[in-house]
Amino acid sequence: MIKLLVIADDFTGALDTGIQFKAKGTLVRVYTPQNQNIFAGLEQGVQVLIIVAETRHMPPAEAGEIVAKIVSQAQQASVSCIYKKIDSALRGNIGSELSAMRAAAHGKQLHFIPAFPKMNRVTVNGIHYIGQVPVADSVFGSDPFEPVRHSNIQNIIGEQSNIPTYLVAAGEDIPDKEGILIYDAVTDEDLLQIAQRLNDCHQLKLLAGCAGLAAVLPKLLNLTQYDCRRPAMNPRLITVCGSINPITIEQLDTAEKNGMHRIRLTPQQKLDPTWLESEDGECVLAQWLNKLQHSTAAIIDCGGPEEAEETRSYALTRDMNIEATRSAIAQSMGRLLERMLEGGLEATLMLTGGDTLLAFMREINQDSLIPVCELVPGVVLSRTEYNGKRIDLISKSGGFGSAELLTNLAKIIAHSGEEELVC
């Protein structure tokens, strides 16, 4: 029986939340359903179901409709707890999705706890911070595809909804108000205390937050737990990066300086869907495959700020707006990776950015992933299949981690051996 349904707006967010339950030994499945009943055909023993709703870049009204449909199905299936996974930097259609969720569940209150202290993302007086910086003043405020324009969470929700919102300070009792309750939190202990208060009041029903709150839920929801292990992985690491977040670019640059081979895609390679099947594309792909097969670690990425203007100019020649450009890059990178696997590439794969991961999953005709373990905080190892072979996939969102993240992951993977107990 499904005890918890998580609705995520992108793939990497689904996985970094799902692993909070898998790390406690709970059986979790992550799906990207295509217009079917999300509870049909689930295997026995799954207690946490995570749906990738793919709503991050949709118009607000459409995103809300999709969330409402999923919530209605969950209500019919008697799921007791529904959790709307929110990006920890507050990107996406937060107002429309939360208001749609509450309406579809016919709930009096929806409890929104967006803090993720382990990633230095906290909420104080209703203002969300990345490190010590209000989120709208951070790198996420200048994102070219989905900038965060407000740091005040009530203002973010108010952009897309007129639902009443109320702030709840750390340690404050739950107010008897109808609407969305927004909770301050700066530590993991704050998250645990909030969840315990909600549990004591029988209010662990309609929740929203990021992976931070998810980590404290397994015990409170009485989820079945067992040991989980970190498996051996292919020692070759191939990173495919569709993110242009400055934090991620710094990680790529650092890895390259430490000797990691790097392939930067040109504007044509990123934006022309016919290039990969052209004579030039076939020739270049063969060269890349040969190089990657002789590399212990390598990067394929869409370029940083220095390539951005050239990419914009090329996109204009193809009449592509920002959204079309973003989508085309993700699709090209997903297709490129699939062709490399088809050509015999064997490696542990790391995909940065939910759009890139989703595009790759579509290319290999898979709609589910099995989370395995967290390699480092916020970096998730999952498994799927391609042509009957196991594929190990590492994922993370684009906006966090130290500059040495890729270098450190390459070392972890290169030295992975017998299964290691991780919980």
Test result for Met350, open to solvent by less than 10 Å² (accessible area, probe 1.4 Å), assigned to a helix (DSSP H, G or I) and either touching a residue at least 40 places away in the same chain (Cβ under 8 Å) or within 14 Å of Trp288 (Cβ to Cβ) (or both): no
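Per-residue answers, yes or no, for (1) of a type in the set (Ser, Thr, Tyr); (2) out of contact with any Lys or Arg (no Cβ under 8 Å at 6 or more places or on another chain); (3) in contact (Cβ under 8 Å) with a residue 12 or more places away in the chain:
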site: Ala61; (1), (2), (3): no, yes, yes
site: Glu65; (1), (2), (3): no, yes, yes
site: Ala68; (1), (2), (3): no, yes, yes
site: Ser72; (1), (2), (3): yes, yes, yes
site: Cys81; (1), (2), (3): no, no, yes
site: Ala89; (1), (2), (3): no, no, yes
site: Ile94; (1), (2), (3): no, yes, yes
site: Glu97; (1), (2), (3): no, no, yes
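Within the stretch 97-115, identify whether any single residue is closer than 27 Å to Gln154 by Cβ, assigned to a strand (DSSP E or B) and open to solvent by 10 Å² or more (accessible area, probe 1.4 Å), and answer yes or no. Working first, answer last.
Initial filter on the stretch 97-115 (closer than 27 Å to Gln154 by Cβ): 97-115.
Applying the additional criterion that residues be assigned to a strand (DSSP E or B) yields 109-113.
Filter again for open to solvent by 10 Å² or more (accessible area, probe 1.4 Å), leaving 109.
Within the stretch 97-115, one or more residues are closer than 27 Å to Gln154 by Cβ, assigned to a strand (DSSP E or B) and open to solvent by 10 Å² or more (accessible area, probe 1.4 Å).
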With Asp190, Asp173 as the choices, which residue is of a type outside the set (A, V, I, L, M) and assigned to a loop (DSSP other than H, G, I, E, B)? Asp173
Report yes if Ile94 is under 14 Å from Ile156 (Cβ atoms), at pLDDT 95 or above, open to solvent by less than 10 Å² (accessible area, probe 1.4 Å) and not polar (S, T, N, Q), otherwise no. yes
Could you say whether any residue in the stretch 380-395 is under 30 Å from Thr311 (Cα atoms), among the basic types (Lys, Arg) and in contact (Cβ under 8 Å) with a residue 12 or more places away in the chain? no
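Restricting attention to the stretch 298-326, report how many residues are surrounded by fewer than 15 Cβ atoms within 10 Å (Cβ to Cβ), touching a residue at least 24 places away in the same chain (Cβ under 8 Å) and more than 14 Å from Thr266 (Cβ to Cβ).
Final tally of qualifying residues: 3.
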Only residues that are charged (D, E, K, R) and at pLDDT 90 or above: list them for the stretch 370-386, please. Arg383, Glu385
Those residues that are part of a loop (DSSP other than H, G, I, E, B) and open to solvent by less than 60 Å² (accessible area, probe 1.4 Å), I need them from the stretch 368-401; list them, please. Gly378, Ser397, Gly398, Gly399, Phe400, Gly401
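The values are calculated or read from the model by the stated rules, or taken from the named source; none is laboratory data. Just so it is clear, the structure is predicted and the values come from calculations on it, not from any experiment. Cβ sites come from the backbone with ideal geometry, for glycine too, and all protein chains shown count toward neighbours. Calculation scope for accessible area: heavy atoms of the full protein, side chains included, ligands and nucleic acids excluded. Shrake-Rupley method; radii C 1.70, N 1.55, O 1.52, S 1.80 Å.
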